[in-house]
1. Give the residue that is farthest from the other protein chains (Cβ to nearest Cβ), with candidates limited to residues of the range C:78-89 that are touching a strand residue (DSSP E or B) at 6+ places or on another chain (Cβ under 7 Å) and assigned to a helix (DSSP H, G or I).
2. Looking at (1) among the polar types (S, T, N, Q); (2) within 8 Å of another protein chain (Cβ to nearest Cβ); (3) within 18 Å of the chain's Cα centre (by Cα), which one does C:Q260 not meet, given that it meets all the others?
3. In contact (Cβ under 8 Å) with a residue 12 or more places away in the chain, crowded, with 17+ Cβ neighbours inside 10 Å, in a loop (DSSP other than H, G, I, E, B) and among the polar types (S, T, N, Q) - does that describe any residue in the range C:315-329?
4. For residues that are among the acidic types (D, E) and farther than 21 Å from C:V60 by Cα, scanning just the range C:81-126, find the one that is surrounded by the most Cβ atoms within 10 Å (Cβ to Cβ).
5. Pick out the one residue from D:A448, D:A385 that is away from chain B (no Cβ under 14 Å), in contact (Cβ under 8 Å) with a residue 24 or more places away in the chain, within 26 Å of D:A297 (Cα to Cα) and outside any helix (DSSP H, G or I).
6. Where the second residue is in a loop (DSSP other than H, G, I, E, B) and crowded, with 21+ Cβ neighbours inside 10 Å and the first is of a type in the set (A, V, I, L, M, F, W, C) and lies in the range C:210-235, which pairs have Cβ atoms under 7 Å and are six or more apart or on separate chains?
7. For the range B:254-270, check the following and say yes or no: at least one residue is part of a helix (DSSP H, G or I), within 28 Å of C:N82 (Cβ to Cβ), facing another protein chain (nearest Cβ under 8 Å) and within 14 Å of the chain's Cα centre (by Cα).
8. Given B:L131, B:L55, B:L116, B:L45, which one is within 12 Å of chain A (Cβ to nearest Cβ), buried (at least 16 other Cβ atoms within 10 Å of the Cβ) and not basic (K, R)?
Amino acid sequence: MNIAYAYWRTGLALLALIVTACLPAVTSSYYLLGVLTTAFYLAVYAMSWDLLFGYAGEVNFGPTFLIGLSAYAAGLCNTFLGWPVWVCIPIGTAAAMLGGLALVGPALRLKGPYFGLVTLVAVLLLGHAITIFSGYTGGEIGLALRDILTLSSTGNFYYALGLMAITAVVLRIVVRSPLGLILEASGQDSVATEALGFSVIKFKVLAFMLSALFSGLAGAMTVFYFGTASPGTVVVVAVTVQIIIATIIGGRRSIIGSILGAVFLVVAGEFLRPLGELSTTAVSILALLVLVFAPNGFISVFGRRGAR
Amino acid sequence: MELLLQILISGFIIGAIYALGAAGLTIIFGVSGILNLAHGAIVVLAALVAWYCALQLHMGIYWGGLAGVAAAVVTTYVLYALVVLPLSRSRQMAADELPVFLFVATLLFALILQGLLEWFFGSTPVATPALIDGVIHIGGNTVPLNSVLIGVVAWMVLGGLWLFISFTRLGKAMLAASMSPRGLAIIGYDIGRIHLLVWGLYGLLAGIAGVLLASFIGASSGVAINLTATAFTIVILGGLGNVLGSLAAAYILGFLGTLTAFLIAPSLREIPGLCLLIIILYLRPQGLFGRH
Amino acid sequence: MRSSKLNRPLLAAAALATGVYCVAGALPDARAADAIAVGVIAPKSHILGQAIFHAAELSVAQFNARGGVNGRKIELQEYNTNFSAADSARAFQRAVQSDGVVAMVGVFTSEVALSLMPWSSRLKTPLIITGAASSQIPERVHAQPERFKYVFHGYVNSAILARQGCIVAHDVFTNNPRLKKYDRAVIFSEDAAWTKPVDAAYQKCLPKAGMKVVDHIRFAPDTSDFTPIYSRIKNDHANVIMAAIAHVGVKPVVQWHQQQIPALFSGINGQAGSSKFWDATNGATEGVITGTPGLAGAPLTDKSAAFYAAYKKRFHVDEPAYDAYTTFDAMSALEDALGKAPNTSGDALVKALEQTDITGVLGRVAFHGLNDKDAHEVVFNEDPKKGQSFVGFQWQHGKQVIIWPPKLATGHVVVPSFVAAGH
Amino acid sequence: MAILEVAGLCKRFGGLQAVDEVSFAVESGEVLGLIGPNGSGKSTTLSLLMGVVRPDSGSVQLRDIEIAGQPTHAIAKRGMAMVFQHSRPLHRQTVLENIQLALLPDTIFQLCRAKQLVQRAREVADRVGLTAVLHQHPDALPFAFLRRLELAKALAADPAVLLLDEPFAGLAPRETREFSDLVVSLRGAGCAVVLVDHNVKAVAGLVDRIAAMHAGRKIAEGTPEQVTGNAHVREVYFGKSLDTTPQAPTARTEHDGRRLLETRIESVHYGQAEALRGVELHVDEGEFVSVVGLNGAGKTTLFDSILGFVGYRGDIQWRGNSLDGVKPAARASAGIALCPETRALFLHMSVRENLDLGGHALNRQARVEQRDQILKLFPVLAERASQSAYTLSGGEQQMLTIGRALMARPRLLLLDEPTLGLAPLIIEHISDALEQLQQDTGLAILLAEQNLTFAVKHSRRIYLLETGQLRWHGEADRFVAEVGADVL
């Protein structure tokens, strides 16, 4: 271990954080802050997803199952029970973690795309449930919340930045720790990892719990940022697609990669707005190009060894 | 009795269209091991092009349909040449990660295609004219001749596919490739060409399914994802790579949905299918009719 | 090896920071022109979205030609919702915080409309929703007037539409001496939140209109095959389908026609209002009856015909969709308010909008007060002199023929042969 | 006192009794070799011991504690460790970190590395000779080091019993020796070792005892000499008798001596592992040549190179022309037919369809003629012509594989282990068919075999392939005398 190198890296990450945190002082564009707020929440989704996909080796095509559970649990608590935001967010997160627990069973039994399909179906079922119970959930129209996090753009920016920073730090500590080592090993070859004396189930449960924790937090905070919870923002497959694209074009198995990917995705979408209705298509084309020609993502462009 | 007959007739037509779409998907998986998420988008493309050519360019329904199928085949080759081939040859990822990358890449392709379709044709649903007008009465049920024709055409195409696979050398080679690509290579077949053939055939089937769909119930860019999901459910239920299994699964799913809509509530139509899928995946991951 | 390792995070961080600051630099913070920016927001790929953009453009062009707000022109900024609540929220922020937009008009999907309401209050910018019919819009404004006072609803809510559907049905076919009795109705709704108040209103008003509700069917919005549903309707011996559909449109109508279901297709049918519906269904819509705020320049007011002519000339479109009319009237109200408000602040505009009383293309334009049940919703009345009004029409030979109200009617209702034969 | 005692272990996969009543015992400090041909159940036995696969019945006692049926990690904690044949180290971590992984406790409450962890990892690395590469990443290491890394991970927990699954596969001879020495050194540490390999010879110098397996059963146990001398074992490995002198030259028709195939392969690599090195051989027209060698020697790789399925350095010539850049399909069409060890049949197609696909390049009439000829050669296939290939017995499938290859009227037939897992009677049958074939058509055959009897009986010349290199080359008659005894 090169201690100086580790310090360097921590220093740089801190520098990037400080630079970003100073942004509200530099720019008077609340709009930019709004864009970045969305990007930061997406980054949290992406990091949580990557913990499962990149490290634990689980192809989860239903991150919005966890996000949606949390968003709606928190939203319902706020709308119908009138509980304050800071109570609803933990409740939502707990719902997401229960959902994560429910996914562990299939994850242990099924491989790769098959597990992916189960998670996809879980999302579809959640969507159907929202429609069926539209009396409570508001169906396709969505749920209007009584409260929001804060009115201030700067405030929302710092909430999102804070969550992203905490997520990044915690996940980074986890994946760099002995725990992360075992997690990665069990994702790569669960039989061999078992043979080294690790009970893989325990670590898979942990991975799902961590992923659910952060995507749940972000999901609940997202709805309190928007002021509404609707399938279009937290459940539909399009959101999943965004998360997957952000992770992969940023560079999987990399915390900073997920952040880069998410920020790129959102900011590129804004930049390409002059293209009108083709802007989303243009972003997809860009993402596809990255995927085909640099499958290891942006992060590989910055001189990192192939993440095999 | 009348109700039962209605369920049977309705299930027959819907099942045939489902089967048509899923047959191509499952062949692709059998031969190349690729789960193509752009499926729904390609089906919709065929439907919209057929509609556009038939009505906006006044080419008539038959030429329009042909144009739709041709568009699907061309797009399929574009997908193969620009996305699938380069990724399969890429050395930048571990071999076991390739399926996931292909999965995501086809998903992106679907999004791009969907965006372009929306831009060109708009997102409003459209339906092509009926191929023939009139209705027939079967046991007290009114059935449009067009629906009967669609069911018949779908079955004829499925029959043609069966004939192709069972009785032509190329078709047999294709089937053989899904059992043992290596076996095919050692007897002197160029696997690359077989892949080209399979993707072309897939485009053809998806295109025909799209054109029939446009005539039967209409299509819009928004339904692409649902079409993909349905086709996937069928393919997984039937066992990946198993054409006959897909056929059976298409009918099981078609009848299950129709029965639910008839007997319980139309709004719950999709749910039994999804639950069945989860149960099957859990108990029998190789599908109801999977071989392996 | 070592150096590239060191470079990676450095480069990544640098890229991130540069990217962020590039965006900061690239986006203008404020507008420098003296024009007043007004935003219009809708999905660009959809017919209903295009109608919103067109109507707003036409209104602004005419307004600016008349001299604008004391010489200041209005500049229209267009935003795409992409049907996504998240995209729309971002677009709204951009509009207000970056493009200096003072008010926003548009939106026809309820999900997007409801998700924009909190942003309207947060950004203190008036939002006039011109396409979505959710009754939740006025309900929420009514429930939290302080918070949602910036939101106006330039279209009537779905409960009113349902009641209007009953009235049209009653006048046109239930109580039409020329026709056999059409009095057994099935409520036929897509399973969505917006249809719940519609269904409730149908349950109440259909018996009043002389019809018996024989069944109530709700189906999934992604239903592809309606055969089972139509079988049930046939088994019910119903002869009227009172629809509440918007997301589905082509499929039920095409299958109704193909399977020759012996029941009139009436009620709320979001897509059938569009002139392109004939092409989209290949004429299967022949005989479908529905209502819409404005149609073919039906002369509800003295402005209707001029708008219709100008719209057709400018955009080469056969027929403006319903939300072209509502958007045009909302824009007129906004232009009026801009002229009367002391400044362009959100609160001043809200005050001015609340005072609106002008004649639009659909009738009088005025908004309910915050204390009314339909808070900040445009006033509806069957008499165009008292409020926004409504026509009923039927698709006949590729044309939308007005069949209600009688004094505007350009034709009579025609019962499709397979419906008539079914009795 | 035995530290590991296995009694009556059984495992069934569908219709296959993979492990059948296997019993043995290993003591501390003892090395037991478990040998057997492919598919004899030895690897499954290891999996059963480790708990990767649950046994149907039987007992496994480790230090007198019953562990059969327990989960793998529990068995590992009781002192069992295993080196898998195909393992994937963490590629983004260094060797040192990979070893640290194996030293970690099984708990989720560990966010910091314990101080002594690195020290212990270094010690383990030192024990297996990885000290020099501690800070390198696995994908930068030669294959032999990866094997050592796996050994290091297995040794990290100081296991009482170490299971090694084909530890020498893919290693060069020198590397094999070094690795053997490592294993021997474990004996001193009181560790019991169970080692699986095909090859008696490779393990002879290192094991105390050998248990030989065949078709799921243990057929012999004893010292290497005892097992090598065991008649049953010899029969399983070499057929009825090794002493068969080459038969009358009826099998070898006159060949006109024109060169058909000539390989000058410098090397073939699979990732880090070197599979072939310096293989120069040739086959003349009408000739019957064998490449003999045990499993893992590189025979299949050689055939794959000839058909162009794997990349190679060097050159392969077909009738005087280089095959460089020629695709597999074109090589097959040029007259090289392969019968792979896996058979690669189209299992869900009928026998006739399989044959017809083999002759796809012929016109209809020629195809029918050729098919009739092959059905005459293998009459049993004619009876089963419309049955699906998967319903055939192993022998029939092998015949079908050969038949399909012959449908294309090849000049050279590559036969990869045609006798594997087949009953002697069937082997006789195939043997007769091949003889007749050569007589009738003058086809050249290149056979890869570990069944020496079969190879010696038919071939004119024999190449001996060992760990990817040619060890010996000569006339078949000289083979038994010069190297026969050495091969076992």
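1. At the first step, the residues of the range C:78-89 found to be touching a strand residue (DSSP E or B) at 6+ places or on another chain (Cβ under 7 Å) are C:78-79, C:81, C:85, C:88.
Next cut, assigned to a helix (DSSP H, G or I) only: C:85, C:88.
Values: C:A85: 5, C:S88: 9 Å.
Here the residue is C:S88.
2. All conditions are met except number (3).
3. no
4. Quick first cut of the range C:81-126, residues among the acidic types (D, E) only: C:87, C:99, C:111.
Keeping just the survivors that are farther than 21 Å from C:V60 by Cα gives C:87, C:111.
Working: C:D87: 25, C:E111: 28.
Out of the qualifying residues, it is C:E111.
5. Values: D:A385 fails: within 26 Å of D:A297 (Cα to Cα).
Sole residue among the options that is away from chain B (no Cβ under 14 Å), in contact (Cβ under 8 Å) with a residue 24 or more places away in the chain, within 26 Å of D:A297 (Cα to Cα) and outside any helix (DSSP H, G or I): D:A448.
6. Going by the 7 Å Cβ cut-off, the qualifying pairs are C:V214/C:A238; C:F219/C:D191; C:A220/B:R269; C:A220/B:E270; C:A220/C:D191; C:I233/C:I261; C:I233/C:A263.
7. No: zero hits.
8. Details: B:L131 fails: within 12 Å of chain A (Cβ to nearest Cβ); B:L55 fails: within 12 Å of chain A (Cβ to nearest Cβ); B:L45 fails: within 12 Å of chain A (Cβ to nearest Cβ).
Matching residue, one of B:L131, B:L55, B:L116, B:L45: B:L116.
The values are calculated or read from the model by the stated rules, or taken from the named source; none is laboratory data. Being a predicted model, the structure only gives us computed values, none of them experimental. Glycine gets a Cβ as well: all are built from the backbone with ideal geometry, and neighbour counts include every protein chain shown.
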